[in-house]
Structures are given as structure tokens and as C-alpha cells.
Amino acid sequence: MSEAISPIRGMGDILPEDATVWQHVEAVLKSTVHAYGYRELRVPVVERTELFKRSIGEVTDIVEKEMYTFADRNNESLTLRPEATAGIVRAGISNGLFHNQKQKLWSMGPMFRYEKPQKGRYRQFHQFDVEAFGFDGPDIDAELLMLIARIWRNLGLSQIELQLNSLGTPESRAGYRVELTDYFSAHLDRLDPESRERLGRNPLRLLDSKHPDMQALIEAAPRITDHLDAESAEHFARLQELLDLAGIAYRVNPRLVRGLDYYTRTVFEWVTNQLGSQGAVCSGGRYDGLVEHLGGKPVPAIGWAIGLERLVELCKLAEIASSDLMLDAYLVAVGDEAAGRGLILAEELRNQSPALRIEVNSGGGSFKSQFKRADKSGARVALILGETELANGVIGIKPLRREAEQQNVPWDQAADTINSMK
């Protein structure tokens, strides 16, 4: 017997019992963004490596340590996408989507990063991304945050906090970087090895350190909100006014900097304390210079990404699932004649009511074993077809999720009866 092939570390399977929660989450996400006028864009999983080096930044951990990069048969360097925004921007430039146009787009799919696997952080993970191009005012920032707040409500989730900050423009941030470098350099003996490495490359990333010995030092560091240019400060103040008008609670976190180089002005994270150390469920912000940096004409832009694994885990913790994904019925057929007629009857019921979800027992078995399968399937009702039902032209309908008597109905009334019991 051959040895079984194990899965790749950090790349897990989504089993059927979890897939139903995924389907519910994805359906809610899609319906909510469609209600705001966002349209789907599908982009490749593989892009040229240069795209991510230019967009994310060559001296970031993602590019230096985490990307899955390989040479194809033409010796061209390709990379499995570690995030979605760069590919969406590349697609917009390649297909002329930004030429005298405003775009509201969404995309969904797997991403890849070679990180240490842990709960809520995997080497293959999935994101739902929403991006808006051509809008420079704080109104679109507010709309995107309102959209996320509505997603939480539509999923029935709470205990997710919005943290908000502004990074200003690259020009105003340059002066802040100098002051931050001077500050941390004066306390070099208190920096952990990773922070010392980051200091010379991107001192803002020190504010993102989770090292416990660094927290007091970070708390006393200069605040970026004190170094905003006038226009960025006005933009940030107006965004807060709009969120206040919408009744969306938030906390300004001057230490929030995000891990990608392309962010400008508004940045934000929605975080929870229900997932341990991996508390960020949704993150995003403005990246007004990225389109131009990747070869397009200047286009203001903002977007966010939800980590689907973490969102699904939140829904499971809250025991949230959609009844729409339940089987409506499991058909139990006893005997060869009933088994054959059951297949045809199920087709007739689906024709009468296309939304019905019916599973027909396959592989035979006694009435008792088939009924156990019906119960285990999660179906609302069992449909029972045996010799007596065949002779009388009826089918038995037995509720499985509540106490109720079985009723026998004519075949042509079965679909309506099942629907009335939802």
C-alpha cells in the first residue's frame, strides 16, 4: 500500500460542513457590495514578480521573505499573488478601466504568503477585496466603511472595532519618518533585533511591532497625526464627521500604519478580540499614488480586504449559518421500485420548484439506515417512499428538525408542502 500524500503545510482543505458557512459568508458579501454599485473583476492568481516589488515595496517582509516566486519555462520571474490590490490596479491599467472613468470594483480569491501557519493565518488564504478608483474626497472613504459596517450587520456579527488613522501624503510623511528615526535611534538599546533591522528601512513599521518590551517605547513615540499636512488633516476630520453622522463607532489609533508601502492618508482596520492574536478581520486604506507608480495616469484610489478564514471563524464562533443552505429534503426510498421512482419524483419536484434542495438516497439500505442518513444530512424533512406510498400515489413527509407528525400528500402537492414547511 502506497504512503498517503500529506497536505502542504499552511494550505488546508475546506470540508463540506465548513463550506456551507463559506457559501453563506460569500453570498452576504456579494449581495451587500452589489447593493452599493460595486462590480466584480476577476484577475489571475499569478502575476509578474516585478508587479509586487513595485507596489508592495522591495524592502517589505512580504517581498523579501513571504512570496511564492518561481521562474517559468521562459525564465520569467512569476509570483503567486500575496495580495489582490496590485493585480486589480494592473488589470485596470492594462484594460483602460481608469481612462476618464470612475470604477467601483470587487474581487475574491486565494492569496499566498510563506508565513508561519497559525490559527487565522495560513500560507494559502482567501480575501474579499473592494476597491474604488477616481474618487479623491473623504465621502468614498466613509462609504467603504459604512459598507463594511453593513456587512457585519448582515452577517449578525458584533464585537468588531473600527480603528482609524491617517498617514498623510508621502511628502508630509517624509518629515515624520526623520523624526521617528531620530526618536528610535536615541533608544537603540531598547529595540529588539527585528525593530533594529526595520529602523533603517522603514521606521513606521516599528509602530506595528508586537514585541512586549517595545510597547511603552512605541506609546511614547511621536504621533503621525501631529505631522499631517493641512489637506490631509482636513480630509481626516471630514471623514470622522461623516462616520459620526452615520452612527459608526471608531477609535483613532495613531499607531496604525499598515504593512504595505503604497498607503496614503486614510488607513483602517476592523479588529476583534475573539480570534486571539490574529485580531484584524478587515484592513485597508487609500493608495492615491499606486496607479501612477505602476505605469498609469494619476488616479486616486482606496480599498479594503476581508480575510475570509477569519470571518468564517467568527461566524462559526457566533453559530451563524444560513438556513438557505440547508437541504430541504432527503428522500428515503425502500425497495427497487421505490428507488427508481424516487429519482424521477425528485426531478419532478425540482422542476416544480427549482429552488428546492433535495438529496435522494443512493446505495440502498434498510429504512432505518436510510432514515439515519436523512437525519445526518441536516435536511429539514425526510421524504418517505415505500410500497404503500407507491400504491397510493403519495409520499410521506416527516419533519426532522422539530417534533411533528408525518403527513402523506399526493405527489403533485409535495413541492408546495415542503416549501410551506420552511
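Structural remarks
- Members of region 165-191 found to be surrounded by 15 or more Cβ atoms within 10 Å (Cβ to Cβ) and basic (Lys, Arg), listed by number: Arg173, Arg177
- Test: Leu162 is modelled with pLDDT of 85 or more and either assigned to a helix (DSSP H, G or I) or surrounded by 12 or more Cβ atoms within 10 Å (Cβ to Cβ) (or both): yes
- When residues of region 207-252 are limited to those that are of a type in the set (A, V, I, L, M, F, W, C), surrounded by 15 or more Cβ atoms within 10 Å (Cβ to Cβ) and more than 27 Å from the chain's Cα centre (by Cα), the one nearest to His187 (Cα to Cα): Leu217
- Pairs are defined by a Cβ separation below 9 Å, a sequence spacing of at least 6 or placement on different chains, a first member in region 192-221 that is free of Cβ contacts under 8 Å to residues at least 40 places away in the same chain and in the same structural domain as Tyr262 (by TED's automatic domain parsing), and a second member that is surrounded by 17 or more Cβ atoms within 10 Å (Cβ to Cβ) and outside any helix (DSSP H, G or I); no pair meets this definition.
- Some residue of region 368-385 being surrounded by 16 or more Cβ atoms within 10 Å (Cβ to Cβ) and farther than 28 Å from Val21 by Cβ: yes
- Pairs, first under 30 Å from Asn100 (Cα atoms) and touching a residue at least 12 places away in the same chain (Cβ under 8 Å) in region 134-162, second among the basic types (Lys, Arg) and surrounded by fewer than 20 Cβ atoms within 10 Å (Cβ to Cβ), C-beta under 7 Å, six or more apart: Gly134/Lys102; Phe135/Lys102; Pro138/Arg238
- Every residue from region 328-360 that is touching a helix residue (DSSP H, G or I) at 6+ places or on another chain (Cβ under 9 Å) and of a type in the set (A, V, I, L, M, F, W, C): Ala329, Leu331, Val332, Ala333, Val334, Ala338, Leu345, Leu349, Ala355, Leu356, Ile358, Val360
Here is a yes/no grid of residues against (1) surrounded by fewer than 18 Cβ atoms within 10 Å (Cβ to Cβ); (2) under 19 Å from Tyr263 (Cα atoms); (3) of a type in the set (A, V, I, L, M); (4) touching a Gly at 6+ places or on another chain (Cβ under 6 Å):
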residue	(1), (2), (3), (4)
Phe52	no, yes, no, no
Met67	no, no, yes, no
Glu76	yes, no, no, no
Leu80	no, no, yes, no
Ala84	no, yes, yes, no
Ile88	no, yes, yes, no
Lys104	no, yes, no, yes
Phe112	no, no, no, no
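- So Glu313, is it surrounded by 14 or more Cβ atoms within 10 Å (Cβ to Cβ), in a helix (DSSP H, G or I) and not β-branched (Val, Ile, Thr): yes
- You will find that of Arg341, Arg350, Arg310, the residue that is at pLDDT 90 or above and in the same structural domain as Glu143 (by TED's automatic domain parsing) is Arg310 and no other.
- Sub-6 Å Cβ pairs linking a first residue in region 305-334 that is at positive phi to a second residue that is modelled with pLDDT under 90 and among the polar types (S, T, N, Q), at least 6 apart or interchain, number zero.
- The set of residues in region 228-251 that are aliphatic (A, V, I, L, M) and either at pLDDT 95 or above or assigned to a helix (DSSP H, G or I) (or both) comprises Ala230, Ala233, Ala237, Leu239, Leu242, Leu243, Leu245, Ala246, Ile248, Ala249.
- Region 41-66: number of residues that are at pLDDT 85 or above, among the acidic types (Asp, Glu) and in contact with a helix residue (DSSP H, G or I) (Cβ under 8 Å, 6 or more places away or on another chain): 1
- Pair list, Cβ < 7 Å and 6+ apart or interchain, from region 57-77 residues that are without any contact (Cβ under 8 Å) to a residue 40 or more places away in the chain to residues that are in a helix (DSSP H, G or I) and among the basic types (Lys, Arg): Val63/Lys53
- Some residue of region 21-31 being of a type in the set (Lys, Arg), out of contact with any Ser or Thr (no Cβ under 6 Å at 6 or more places or on another chain) and not assigned by TED's automatic domain parsing to the domain that holds Gly307: no
- Counted residues, region 192-206 - those being surrounded by fewer than 20 Cβ atoms within 10 Å (Cβ to Cβ) and among the aliphatic types (A, V, I, L, M): 1
- Asn154 meets each of the listed conditions (1) surrounded by 17 or more Cβ atoms within 10 Å (Cβ to Cβ); (2) out of contact with any strand residue (DSSP E or B) (no Cβ under 9 Å at 6 or more places or on another chain); (3) within 25 Å of Val28 (Cα to Cα) apart from (1).
- When we screen Leu204, Leu217 for residues that are in a helix (DSSP H, G or I) and farther than 30 Å from Leu308 by Cβ, the only hit is Leu217.
- Single unsatisfied condition, Val334 versus (1) over 12 Å from Arg380 (Cβ atoms); (2) among the β-branched types (Val, Ile, Thr); (3) out of contact with any Ser or Thr (no Cβ under 9 Å at 6 or more places or on another chain): (3)
The values are calculated or read from the model by the stated rules, or taken from the named source; none is laboratory data. Fair warning: this is a prediction, and the values are worked out from it, not measured in the lab. Backbone-built Cβ (ideal geometry, glycine too); neighbour counts: all protein chains shown.
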